[in-house]
Amino acid sequence: MRVLFVVLGMLLIAPLVQAAPPSVAVEPAADLKAFRTNFRSQFPDLLLNGYVNGPYNFSKSERTQWNQIMEFPPYEFALQEGKELFETKFPDGKSYASCFPNGGIGIAQTYPKFDAISSKVATLGIALNECRDAHGMQPLNLTKGPPAAIETYMVHTSRGKPIDVTIPDDPRALAAYEAGKEYFYSRRGQLNFSCASCHVQAAGKRLRGDVLAPALGIAAIFPIYRSKWGDMGTLVRRFIGCNKKVNAQPVKADSARYRNLAYFLTYMSNGLPMAAPGARP
Amino acid sequence: MISPESEPRPAFTPGRRYVLKAGAAGAAALLVAPAFAEAADSDIVKANPKDYPLQAFLQKTEQHTLADLYNKVPEESDKITLDAPEIAENGAVVPVNVSTELPSVTGIALLALDNPYTLACAYKLPAGTMSDISSRLKLAKTTKVIAIIESNGKLYSTSKLVKVTLGGCG
Amino acid sequence: MAYTILIRAMASGGTTTVETLVKHPMDSGFVKGKDGKIIPGHYIEVIEFAHNGNIILTGYWGPAISKNPFSKFSFKGGKLGDTISVSWVDNKGEHTSTSAKIM
């Protein structure tokens, strides 16, 4: 009799535990290949590594101005401040170096990472906050200010290293990646633009006075000193700005939306050399 | 190390010499001056606020600006090179360079006719300083930029239209 | 605020090129803040560059100079051990100076 109940029970819950198979397999590596091919067929003369220079591949005049500005890059102050902050000891005697492999030097190109324990994507900024939290300190702003300066320093130690974001064969990581990808291609806001509308379909073209950077390589330069901000800003600062620009409602900087988008977008630049920190108009 | 094929000249190339504070480490180190830097150092020449040509910076025409600054009127010269973009990438940071072959240059100035105030900056050059200066200007809108050179007591000028467009990216 | 001045000087062929990046808001007085109120003008007025105590350039700046101003110029002379100094004063009377030796 008991056996009958158990069998009945198993038959009842079987459909529930059997996860519905994904309608489309998530294949980041295939996506990456297609992403690159799409751009490279659009711009056959552009070398792959050159994509990190974004808009400057498409306007000689802007490139000249950028070279002039880069002669003494405007992010120099943040770089220095960031190094000092990075090396400053916490109240408990430890420092950021204790939270990262290789003491945090030359590792920024591996972010964002999927955190198997929290089941979330961690950008470098989020990892810095988690480090602070682990040492009894308050989290800091993810978009600008001192944390952006620390990131500025950390990415600088990775300059030239190929971007190397890992998407483990873990359904949670794949789901996060896929969510980021979906976001990238979904239209939103009053202007009804998706990220792809500007940075894929209109890449290299002008939006009024601005030249649109291709999405390929765009993640390689952050954080950036933006002339418009007169200040440093992280990738998520720009996500929020872009949301506002298309009149879409932005969300909190540490939200899953932006983490997952950063995951997808940075992965799409895997293999390209880190060219951060950057300077843009 | 992978370098983008089109990476700009890196900020720190080996072989350059840097002005460094004693004790600063590494070729990439730069001088940092905290706000409380050495006041006692006799080699520092302090900026004197009394020297400031305040009236010149309040003028709204080329004529009045130059009258206040130099009490002269310029003649156009093709011996001045004004390097400024045709279209500014961002009106808040416009790289501008002025250089000239004119002799005995004692003054260089930059004017932006359609800025709220015309005078952007003015420099006094002692003998031995080359007449080649780079700055980054804020231009409120599309404007004629005028470079002024004071050479052998006379004033010369050249100009260039710099377009400032509205950005689209927000 | 910490007013940093970054200096790079290259000496070659009897000429020294000086590049500086000066941390300063250079607020023009024409821009409104997030609260809708005008941010008051706050900009460097006079900047003095010297080599071994001798003036090599005097700059008179106004609100049309970009934030965190960059300058580049050259002068005849300069060698290892010489001093380059930079000193500025702004419209609020704030000032900063620094000097360093060519290494």
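Where strands (runs of 3 or more DSSP E) fall entirely within the range C:1-84, those with at least 2 residues that are in contact (Cβ under 8 Å) with a residue 60 or more places away in the chain are at C:5-12, C:15-22, C:70-76. Scanning the range A:105-152 for residues that are closer than 19 Å to A:Y258 by Cβ and part of a loop (DSSP other than H, G, I, E, B) gives A:Y111, A:P112, A:S118, A:S119, A:T123, A:P139, A:L140, A:N141, A:L142, A:T143, A:K144, A:G145. For the range A:102-142, filtering for residues that are among the β-branched types (V, I, T) and free of Cβ contacts under 8 Å to residues at least 60 places away in the same chain leaves 4. Taking the criterion of being on the phi > 0 side of the Ramachandran plot, surrounded by fewer than 23 Cβ atoms within 10 Å (Cβ to Cβ) and more than 7 Å from chain B (Cβ to nearest Cβ), the only residue of the range C:69-92 that qualifies is C:G81. Of everything listed in (1) polar (S, T, N, Q); (2) buried (at least 23 other Cβ atoms within 10 Å of the Cβ); (3) over 23 Å from B:T65 (Cβ atoms), the single unmet condition for C:S28 is (3).
Here is the figure for the range B:84-110: residues that are part of a strand (DSSP E or B) and out of contact with any Cys (no Cβ under 9 Å at 6 or more places or on another chain) total 12.
Rundown of residues vs (1) more than 18 Å from the chain's Cα centre (by Cα); (2) in a loop (DSSP other than H, G, I, E, B); (3) crowded, with 21+ Cβ neighbours inside 10 Å, yes/no style:
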position	(1), (2), (3)
A:L207	yes, no, no
A:P214	no, yes, yes
A:Y225	no, no, yes
A:K228	yes, yes, no
A:F239	no, no, yes
A:C242	no, no, no
A:Q249	yes, yes, no
A:K252	no, yes, no
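Note on the range B:113-133: among residues that are in a strand (DSSP E or B) and touching a residue at least 40 places away in the same chain (Cβ under 8 Å), the one that is surrounded by the most Cβ atoms within 10 Å (Cβ to Cβ) is B:L119. For the range B:146-167, taking the residues that are within 14 Å of chain A (Cβ to nearest Cβ) and touching a residue at least 24 places away in the same chain (Cβ under 8 Å), the one that is surrounded by the fewest Cβ atoms within 10 Å (Cβ to Cβ) is identified as B:L161. For first residues located in the range A:75-87 and closer than 9 Å to A:A149 by Cα, partners that are outside any helix (DSSP H, G or I) and among the basic types (K, R) and lie 6+ apart or on another chain with Cβ distances below 8 Å form the pairs A:F77/C:K23.
I'd like the residue in the range B:40-82 that is surrounded by 15 or more Cβ atoms within 10 Å (Cβ to Cβ) and acidic (D, E) and, out of all such residues, is nearest to the other protein chains (Cβ to nearest Cβ). Ranking the qualifying residues of the range B:40-82, first place goes to B:D43.
Test B:G170 against the stated conditions and say whether it is surrounded by fewer than 21 Cβ atoms within 10 Å (Cβ to Cβ) and over 23 Å from C:F70 (Cβ atoms). For B:G170, the condition - surrounded by fewer than 21 Cβ atoms within 10 Å (Cβ to Cβ) and over 23 Å from C:F70 (Cβ atoms) - is met.
Let's see how each residue does on (1) of a type in the set (F, W, Y); (2) buried (at least 22 other Cβ atoms within 10 Å of the Cβ); (3) at pLDDT 95 or above; (4) at negative phi:
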| site | (1), (2), (3), (4) |
| --- | --- |
| A:M232 | no, yes, yes, yes |
| A:K245 | no, no, no, yes |
| A:S255 | no, no, yes, yes |
| A:S269 | no, yes, yes, yes |
| A:A275 | no, yes, yes, yes |
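In the range A:244-260, the count of residues that are within 14 Å of another protein chain (Cβ to nearest Cβ) and among the basic types (K, R) is one or more. Would you call C:I38 more than 18 Å from B:V98 (Cβ to Cβ), more than 7 Å from chain B (Cβ to nearest Cβ) and buried (at least 22 other Cβ atoms within 10 Å of the Cβ)? Taking the combined requirement at face value, the residue does not satisfy it.
The values are calculated or read from the model by the stated rules, or taken from the named source; none is laboratory data. These numbers come from a predicted model, not from an experiment. Cβ coordinates were reconstructed from backbone atoms using ideal geometry, including for glycine residues, and neighbour counts include every protein chain displayed.
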